[in-house]
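Everything below concerns the one structure shown next.
Coordinate-derived values only; no laboratory data. Computed from a predicted structure; not experimentally measured. Cβ coordinates were reconstructed from backbone atoms using ideal geometry, including for glycine residues, and neighbour counts include every protein chain displayed.
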Amino acid sequence: MPDTLTQTSAAPAQLTAVNDFVVKFANVNGSGSASANGLFAKSIIRMGVPVAARNIFPSNIQGLPTWYEVRVSGAGHLGRRGGVDLAVPLNPQTWDDDIKEIVPGGYLLYDSTKPLPASKFRDDIHVLGVPLTAICNEAYKIPRERQLFKNICYVGALSHLIGIDPAVIEQLLKEEFASKPKLIGANLNAFNLGRQWAQKRMKPIGLQLEKADAVGNRIFVEGNAAAALGAVYGGATVCAWYPITPSTSLAEAFTGYCEQLRTRPDGAKNYAIVQGEDEIASIGIVVGAGWNGARAFTCTSGPGISLMNEFIGLSYFAEIPAVIFDVQRGGPSTGMPTRTQQSDLLLAAYASHGDTKHVLLLPADPGECFEMGAQAFDLAERLQTTVFVMLDLDIGMQEWLVEPFKWDDAQTIDRGKVMTAPELESGKFFGRYTDVDGDGIPFRTYPGTHPSKGAYFTRGTSRNRMAGYSEKGVDYQDNMERLLKKFQTAATLVPKPRLRQAKSPTKIGAIYFGSTAPAMHEALESLEAQGHHINAMRVRGFPFGQEVYDFIHAHDEICVVEQNRDAQLRSLLMIEGNIDASQLTSILHYDGTPITARFLIDAIGKRLEARKATRQVTDKANKK
């Protein structure tokens, strides 16, 4: 068995850092690496050091390349940084590209069972060879065990090289396999094989972990699970869905939570979960349930929204509450179903045909997925319309460190304007599509509220204020203008934007939303340190409130940061706020991977430098 440290002839500078580096694993989908890589990330969290983990995986079950990137950040940065300090490339297909990502002075840990030519390495990095295959072939006889335990074996080697406490690994394994105690010992043995091999032959590298207390009581959770729990707390009792990546785990999580929290002691279920035959059936069930007074939702992605358009239009026009969790992915068509993008803003905002405008909630992390997942149902009933909660794959299917979810038990469900039987009996006026309060929102009743009063037919065709069928132009126009007024009311109800004020006065601003937030926050700190002062606003809901437009008008230039090709957020701002295009500069990222702080620092920095150069030329010309 090879037992030497493989190293290039050059002696590059050694990258050194404590609790601040990026590790990236390159594997093959179906190799069993996911659990080992997750164990690696969680062990660092258990040592009190924050991590940001990103699983970048293919849209097949087995065979294609997959990556798992772990950013270790004692400072608590949870966005992707950009660049790799330590790579563990175990997939020959992607070797060359994986090596290119390593920063100069960084480290490469690879399976040295078979020698590789010098051309496969770089002279400016440190190469660490561990014969993982040979170690596992000697220890295990079953091929599948050799494959699976090789993953735990490299975690063992890394634990010595970067300083992971083995006791933490042992505890995590005990928790993971509490119901299968035999697997605890088997995995621990594989871990120790890698660790002991490295201990005998290698010195710790320049990237080191030190125990800290920077995690606190934060939890490590996926956005889809958080949104599903929010739906439970928000009173949802009906979920109708059709499987589609990356939203499927949201429905699955909701099912699990309902089994725990919505099942009576006698086994009776206080919920209904239906897998429709397609997305069309699913949204139809949701609209039907909403008309009957249940809080209902579906979860899907861009292609599903496309199929749901007609029912979304029915919800809008008939004014029926519904909630859609849109976990965005790369598109168009089937696009890149396992890659992230913020690519459905325009699709969701104006879904269906004719003149429609829909409410969007824009969470930035699983914490807000929980909050907005609950809030969406209040808004849907208050506004009597479809409300979209716009996640993306990076939020929905990745685990994030967030504060424990909070819920006020005194909080009550807001059903909006619902007229009761006693009110109808008293002779109180009821006109289903009549605006009596000036906010564009009419009163409604639940089916069966009263045997003779307050009943109405819900249809997708035009009607008058009393819900009577009408194709008169004046009735149609009256109804459409009231719906527009209701949309203006919605602008006062959606979550308010969050403002980050620069340390010095500035006329430069930035607007961003959703999963770009952590990378954006880090980039703003770095740009501030370089002397670039930028006021920034994170929008959290659509329609935009007046404060968003006031922010734009208070600055000479706004950088609009988003993860799509066509600048959809910028388009919404221009359309809804009648904003001059010259005021809004797009900063776009759309390769399917989560945006990085380094990308933002470079892109915004270049824009600011170009602006500075233009101003200098203008000033010089004015002096002449």
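Taking GluC sites (Glu not before Pro) as exposed when DSSP calls them loop and at most 11 other C-beta atoms lie within 10 angstrom, the chain has its longest site-free stretch at 1-209.
From the convex hull of the Cα coordinates of region 418-494, what is the mean projected area in square nanometres? Walk me through the intermediate numbers first.
On the way: hull surface 22.5 nm².
With every direction weighted equally, the projected area is 5.6 nm².
Based on the convex hull around the alpha carbon atoms, region 383-464 presents an average projected area of 9.5 nm². Size check on region 466-624: the Cα extents along the three principal axes, sorted descending, read 66, 43, 29 Å. Sequence-ordered 3J(HN,Hα) estimates for region 255-271 from the Karplus curve with 6.51, -1.76 and 1.60 and θ = phi - 60° stand at 4, x, 5, 5, 4, 7, 10, 10, 10, 6, x, 7, x, 5, 9, 9, 7 Hz, glycine and proline given as x.
Among 291, 400, 241, a tally of other beta-carbon atoms within 10 Å of each Cβ gives an order, fewest to most, of 291, 400, 241. Bridge orientation summary for region 17-208: considering DSSP beta bridges with both residues in this region, about 50 percent are antiparallel.
Across every direction, the projection of the convex hull enclosing the Cα atoms of region 171-232 has a mean area of 7.3 nm².
By the rule of a C-alpha distance below 18 Å, with chain neighbours fewer than 8 residues away ignored, the lysines paired with residue 42 are 24, 174, 211. Here the Karplus curve 6.51 cos²θ - 1.76 cosθ + 1.60, taken at θ = phi - 60°, turns the phi angles of region 308-321 into couplings of 7, 3, 5, 5, 4, x, 5, 4, 5, 7, 7, 6, 10, x Hz, with x standing for Gly and Pro.
Based on Cα coordinates alone, diagonalise the gyration tensor for region 221-402, multiply each eigenvalue by 5, take square roots, and list the semi-axes in whole Å, largest first.
Details: eigenvalues 95, 79, 42 Å².
Three semi-axes, in Å: 22, 20, 14.
Summarising the overall dimensions of region 1-130 from its C-alpha atoms, the Rg and Dmax are 14.8, 41 angstrom. Annotation: the antiparallel percentage among DSSP beta bridges lying fully within region 498-623 is about 20. Given a cut-off of 20 Å, what percent of all Cα-Cα pairs of region 17-208 lie beyond it? Counting pairs separated by more than 20 Å, the tail of P(r) holds 53 percent. In region 250-305, one over the average inverse separation of all distinct C-alpha pairs is 12.4 Å, which is the Kirkwood hydrodynamic radius. Taking amide H as placed 1.01 Å from N in the peptide plane, residue 434 has its amide H under 5 Å from the amide H of 443, each at least 5 places away in sequence or on another chain.
Across region 410-420, computed HN-Hα scalar couplings (Karplus, 6.51 cos²θ - 1.76 cosθ + 1.60, θ = phi - 60°) run 7, 5, 10, 6, 9, 7, x, 8, 10, 8, 8 Hz from first to last residue, x flagging Gly and Pro. In this structure the amide hydrogen of residue 392, modeled in the peptide plane, comes within under 5 Å of the amide hydrogens of 328, none closer than 5 places in sequence on its chain. Put simply, the amide H of residue 586, placed in the peptide plane, has neighbours under 5 Å in 560, leaving out anything fewer than 5 places away on its chain.
Legend: Rg and Dmax of region 81-195, from Cα coordinates, 15.4, 47 Å.
How much of the DSSP bridge set in the chain is antiparallel, in percent, rounded to the nearest 5? Percentage antiparallel, nearest 5: 35. By the count of other C-beta atoms within 10 Å, a proxy for reagent exposure, 508, 320 are ordered fewest to most as 508, 320. Residues 308, 202, ranked from the fewest to the most other C-beta atoms within 10 Å, line up as 202, 308.
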